[in-house]
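Below you'll find the structure, written out as structure tokens, and then a few comments.
A short reminder: the numbers here are calculations on the coordinates, not readings from a lab. Worth saying up front: this structure is predicted, and the values here are computed from it rather than measured. Cβ: placed from backbone, ideal geometry, glycine included. Neighbour counts: every protein chain shown.
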Amino acid sequence: MNTNELKELSEKIVEEGKAFKKKVCVCCGAGCLSSGSEAVLESMKQTIKDKGLESTVQVIPSGCMGPCNQGPLVKILPEETIYEKLDGDAVEALVDDHIVKDTPQEDKLLFSEYRDKPFVDSREDPFFKRQKRIVLENCGRINPESIEDYIGVNGYQALAYALHRSSPEHIIGEIKLSRLRGRGGAGYPTGFKWETVYRHVADQKYVVCNADEGDPGAFMDRSILEGDPHRVLEGMILAGYAIGATQGYAYIRGEYPAAIKRFEEALKQARKKGFLGRSIMGSDFSFDVEIRIGAGAFVCGEETALLASIEGKRGTPRPRPPYPAESGLWGKPTLINNVETFANIAPIVISGGTAFGEVGTPKSAGTKVFALAGKVQISGLIEVPMGTNLRDIIFEIGGGIPGGHKFKAAQTGGPSGGCIPEQHLDHPVDYESLQELGSIMGSGGLIVMDETSDMVDVARYFMEFCVDESCGKCIPCRVGTKQMFDLLTKIYEGRATDIDLATLEQLAHVVKDTSLCGLGMSAPNPLLSTLRFFKEDYIQHLKDSALANV
Amino acid sequence: MKKKIATVWLAGCSGCHMSLLDMDERILDVLAVADIVKSPIVDGKKLPEVDVTVVEGAVGADEHIEEIKHIRKQSKVLVSLGDCAINGNISAMRNFYTVQDALERSYADSDTNDAPQIPGCEDILTLDKKVVPLHDIVKVDYYIPGCPPTGDMIFYVLNEILNDRVPDLQKEGGLKNG
Amino acid sequence: MPDKITISINGTEIKTEEGKSILSVCKENDIHIPVMCHFPGLTDVGACRLCLCEVKGYNKLLPACTTLVAENMEIQTHTEKLKEYRRVIVEMFFSERNHMCSICVANTNCELQDMATEVGMQHVRFPFLNQECAVDASHPKYVIDHNRCIMCTRCVRVCSEVEGAHNWDVKNRGYNARVISDFDQPWGESETCTSCGKCLNVCPTGALWAKGSVQGKLDKFPEKITDLIEKRGIH
């Protein structure tokens, strides 16, 4: 398929879409699937068929819409009405009311339990109003298993532009202009990384997509892969073109079967349409992608461990330098980016780097997807401009703390991140500000805690995770995390003294400074940040143990 | 005024006290500046207030915990003598098993026992689940490693402490005197 | 010819060549850096963290064994912070498994014991993990005692890189990680082990030894392995 054919196909698909008066999207993200959205989809298809509406109403399975604990969700376009908590039996009445009689079913509207008057146009609801969707633009609106749906929303146009009207240097230039930074957590400038790999001369280079999302409570990458796999794939192909690679690998964790299935399907469709394989879109650029499935090790999200795992070795990290950009897969220059980073590429190529950089803060451009969870009224997947403050995210988008409880802490960055207290909620969220607060952006997990949470227990929970997930290669992480966990348990159970607390603190600094990879270096973060902001919780436990020992 | 020294024997084999005697005639130098007021080789009265207590052996029973806490209270300087006091050593080898298993292996299943019987009465110690070094329970000031430490090392440390100097074990060969 | 460069180690200017590790430059200049997982001639893995150095311009500590020198690099090898960290790391090693010297074949001939002396460790402040570790004496000539193993993986590397047998590997994660023979079979049943004994000679502790060795009387000849590697020109 060449550029013109793609344009024609895209126009044809848009034209065909216009034949339908309404489009019903049934969320088939992992969250809604597990609350029974498959039955809703079947029932919806059957009802539309039974009522003879097939020619005017299109029914599709779609990706994640955001408010995951309200599922199964159904969105009706073009009026953007979302219905929540549906089951197969409720579908017929819904079709009768909303589609046949054109009167929305108020009691089934999204957030009907939280809002005095729920919104018929979901875009007006505070949950969506404060968000800006770039990465999730198509999630919940197209069928992730249909390449035509993706092409209908300008899919693969960026690739066509790159191959026929641009150059690798220009694409890298645009990425640099956009100031996009790696969404996997560390925030390394994407454009510079691409340029480094581009500059290395080698007979073979690789592109790797890191989809080994492992933080507890994080599901951004899963939702993107499930909801818009072609967007990620297009980003990978563009990367391959820009750096001069011919082979890509998507390393997806085995716990994400739906994401694996849909990405696999996307690869097949893209090969069939000529976006993948030899001479892509009639150019002399060839590129293909294979899936590698992770076997459940958190450490394989660390880039050097991930590469070892792709090579078929034990998934353990190695010291850097050399960085993968210089010596990666099988010693060849390798570009490794996270799912969300790749999902940002096509929009940058289409709208230009400068336009992309207008969103966000001077140092952190664009948007960030967060998985909002914990003690918050509305949890789910959200996307906000960088620089949005945590208070807006938690209280406006998330609707605040339920049950009349008081906010205590927001945990970002999972087991590598930290806990942010009330007084810092007005800090704009970007890479630097979170780091100053002893936390990290991480991949985007955001867990809200209320005053019932004991921060010693929270630190202990994350430490236990790191003990389990340490690969055991370097001593500080292998033994240090276990010793810290034991000391935290001792404090939590009221058997500890001031000396234990001092030892714990020293150990935390040693493990942070001496561990081999990011896992160990960041494992003490939850502990150190709770010690910094919630020391009273620790003191209380020490007081309790002193009393018990009298 | 002469200083007061005590030596105590907890969960250990008494080897460290044998080494203590390996100071030979240098014990006279020690006695010139200090009196040994309590020791397994002297008598068994309750520990009075002392300047220095040298403790052999690990903590392996509730009675040991009480005793080491009392010793800490009574002593200006507390010295861990030998590997059992410092890291549990042989005494701590039973930490890898349950107490019951350890007792059975020693008293019942051992080939040399012709009348297997696990001893148990109020007068003997009840073993704790784990054997731990002294510094797990109380603050320890100095450590004399070795299994057992040499008489030379023990004399060096005692002599420094009694003459108000800080012993530098690193200089004296450190841990390498097994 | 590699480019000549100038670096500074602990404030002293040193002329050297590109492509060398900080560790090898230090060795050439008689600057002693403690190492545990490094073995001359084997691939470095940077696992023991004892050779970490401060390098100006880096916010992270860098392992001397895998970090290559570069023009104008300013390296510190023995700051107070590094000394403290090294001592804590050695304490962690001791707390992990059973490292009671008095009943070990390697007593007085053990790199871990020497390291404890070198870093000034007098006692271990952390509780002992008291892990249950097996002793595998199924091999007709040799014994592996996991209690003494510090997971330096020298044996794994010498077996794979020098002997070419790859009998040894690692299983499990975190503090449950163990060195295994073949697919976690008893050593005596290994189909790959050639009984060459190289692993015994590179083992820094008393984890690998020949049957008949008694407490404190273990002989090891690591220099023979280094000699072999040099003569064969591996790497």
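Quick one: which of A:LYS490/B:LYS130; A:LYS313/C:LYS27; A:LYS535/B:LYS76 span more than 22 angstrom between C-alpha atoms?
Where the Cα-Cα span goes over 22 Å, the pairs concerned are A:LYS313/C:LYS27; A:LYS535/B:LYS76.
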Legend entry - Backbone N within region A:48-87 under 19 Å of label point (7 Å from A:LYS21 Cα along the Cβ vector): A:48-60, A:75-82
Inset, instruction - Quick one: net charge around B:MET23, please, counting Lys, Arg +1 and Asp, Glu -1 for every other residue with C-beta under 13 Å from its C-beta. - result: -4
Legend entry - Evaluated over region C:4-78, the Cα radius of gyration and Dmax, each in Å: 11.3, 30
Inset, instruction - Positive end of the charge dipole of chain A (Lys, Arg +1 and Asp, Glu -1 on Cβ, about the Cα centre): tell me which of A:GLY353, A:VAL59, A:GLY71 has its Cα farthest that way. - result: A:GLY353
Inset, instruction - Between C:LYS220, C:LYS27, C:LYS83, find the one with the highest GNM mean-square fluctuation for chain C; connect C-alpha pairs within less than 10 Å. - result: C:LYS27
Legend entry - Bridge type composition, chain B - antiparallel percent by DSSP, nearest 5: 20 percent
Legend entry - Entries in A:LYS45/A:LYS85; A:LYS132/A:LYS368; A:LYS85/A:LYS261; A:LYS129/A:LYS368; A:LYS176/A:LYS332; A:LYS482/A:LYS512 that, when Cα-Cα distance is taken, lie over 21 Å: A:LYS85/A:LYS261; A:LYS176/A:LYS332
Inset, instruction - Run through all the Cα pairs of region A:131-262 and give the fraction in each 5 Å bin from 0, expressed as whole percent. - result: 2, 9, 17, 21, 22, 17, 9, 2, 0
Legend entry - Dipole magnitude of the protein assembly as shown about its Cα centre (Cβ charges: Lys, Arg +1; Asp, Glu -1), debye to nearest 20: 1580 debye
Inset, instruction - Note down the magnitude of the dipole of region B:91-168 about its Cα centre, charges +1 on Lys and Arg C-beta and -1 on Asp and Glu C-beta and zero elsewhere, to the nearest 20 debye. - result: 240 debye
Inset, instruction - Working from the alpha-carbon coordinates of region A:185-254, get Rg over Rh, Rh being the Kirkwood radius. - result: 1.00
Inset, instruction - Name the lysines eligible as straight-distance cross-link partners of A:LYS7: C-alpha to C-alpha under 18 Å, and not fewer than 8 places from it in the same chain. - result: A:LYS18, A:LYS272, A:LYS273
Inset, instruction - Compute the signed sum of charges (Lys and Arg +1, Asp and Glu -1) over the other residues within less than 12 Å, Cβ to Cβ, of A:ASN389. - result: -2
Legend entry - Gap separating the Cα centres of region A:148-172 and region A:439-486, nearest whole Å: 42 Å
Inset, instruction - Divide the volume of the convex hull of the Cα atoms of the protein assembly as shown by its number of residues and quote the answer in cubic angstrom per residue. - result: 214 Å³
Legend entry - Pairwise FRET efficiency - C:SER195 versus A:GLU38, Cβ, R0 = 60 Å, nearest 0.05: 0.55
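Based on alpha-carbon positions alone, could you give the equivalent ellipsoid semi-axes of region B:58-109 from the gyration tensor, as √(5λ), descending, whole Å?
Largest first, region B:58-109 gives 27, 13, 7 Å.
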Inset, instruction - Would you please state which residues of region A:467-496 a label at A:ALA548 would reach in this model, taking the label point 7 Å out along Cα→Cβ and a backbone N cut-off of under 20 Å? - result: A:483-496
Legend entry - Sequence-distant residues sharing a close amide H with A:ASN338 (under 5 Å, placed H): A:ARG183, A:GLY184, A:ASN210
Inset, instruction - Sequence neighbours fewer than 8 away in the same chain don't count; with that in mind, list the aspartates and glutamates whose C-alpha is under 19 Å from B:LYS38. - result: B:ASP22, B:ASP24, B:ASP29, B:GLU49, B:ASP51, B:GLU56, B:GLU63, B:GLU66, B:GLU67
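Please express the shape of region A:426-550 as an equivalent ellipsoid: the semi-axes are the square roots of 5 times the eigenvalues of the C-alpha gyration tensor, given largest first in whole angstrom.
24, 20, 12
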Inset, instruction - Could you tell me what % of all Cα pairs in chain B have separations over 27 Å? - result: 28 percent
Legend entry - Placed amide H near A:ILE291: partners under 5 Å, 5+ positions off or other chain: A:ALA250
Legend entry - Global size of chain A as Cα Rg and Dmax, reported in angstrom: 24.2, 84
Inset, instruction - For region C:1-67 and region A:259-338, compute the distance between their C-alpha centroids and round to whole Å. - result: 32 Å
Legend entry - Considering only the protein assembly as shown, percent of DSSP beta bridges that pair antiparallel, nearest 5: 50 percent
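What's the Cα-based Rg to Rh of chain C, Rh via Kirkwood?
Across chain C, the Cα-based Rg/Rh ratio is 0.98.
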Inset, instruction - Mind pulling up the Rg/Rh value for region A:254-372? Radius of gyration and Kirkwood radius, both on Cα. - result: 1.00
Legend entry - Semi-axes of the equivalent ellipsoid for region A:147-356, Cα gyration tensor, largest first, Å: 24, 20, 16
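Computed over the Cα atoms, what is the radius of gyration of region A:26-65 divided by 2.2 N^0.38 Å, N being its residue count?
Taking N as the residue count of region A:26-65, the ratio is 1.20.
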Legend entry - Rotationally averaged projected area of region C:104-232 (alpha carbon convex hull; nm²): 8.6 nm²
Legend entry - Cα-based reach from C:LYS198 at 19 Å (exclusive), listing lysines while leaving out same-chain residues under 8 positions away: C:LYS141, C:LYS211, C:LYS217, C:LYS220, C:LYS224, C:LYS231
Inset, instruction - Please give the contour-minus-distance gain from C:ALA70 to C:LEU129: 0.36 nm per residue of separation, less the Cα-Cα distance, rounded to one decimal in nm. - result: 17.1 nm
Inset, instruction - Sum -39500 (n - 2.57) across every DSSP H segment of at least 4 residues in the protein assembly as shown, then divide by the residue count to get the 222 nm mean residue ellipticity, nearest 500. - result: -10000 deg cm²/dmol
Legend entry - chain A, relative contact order [Cα under 8 Å, separation at least 6], %: 13 percent
Legend entry - Label-point separation, C:ASP3 to A:ASP89 (7 Å along Cα→Cβ), nm: 7.7 nm
Legend entry - Sum of side-chain charges, B:ASP51 neighbourhood, beta-carbon under 9 Å (Lys, Arg +1; Asp, Glu -1): +2
Legend entry - Sorted largest first, extent of region A:367-450 alpha carbons per principal axis (Å): 33, 22, 22
Legend entry - Charge dipole (debye, nearest 20) of region A:455-549; +1 at Cβ of Lys and Arg, -1 at Cβ of Asp and Glu: 220 debye
Legend entry - Of all DSSP beta bridges in chain A, antiparallel share, percent nearest 5: 50 percent
Inset, instruction - Using a 10 angstrom cutoff on alpha carbons, build the Gaussian network for chain C and name the most mobile of C:CYS26, C:CYS155, C:CYS203. - result: C:CYS26
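If R0 is 45 Å, what FRET efficiency do you get for B:HIS70 and C:GLU18 from their C-beta distance, rounded to 0.05?
According to the calculation, E is roughly 0.10.
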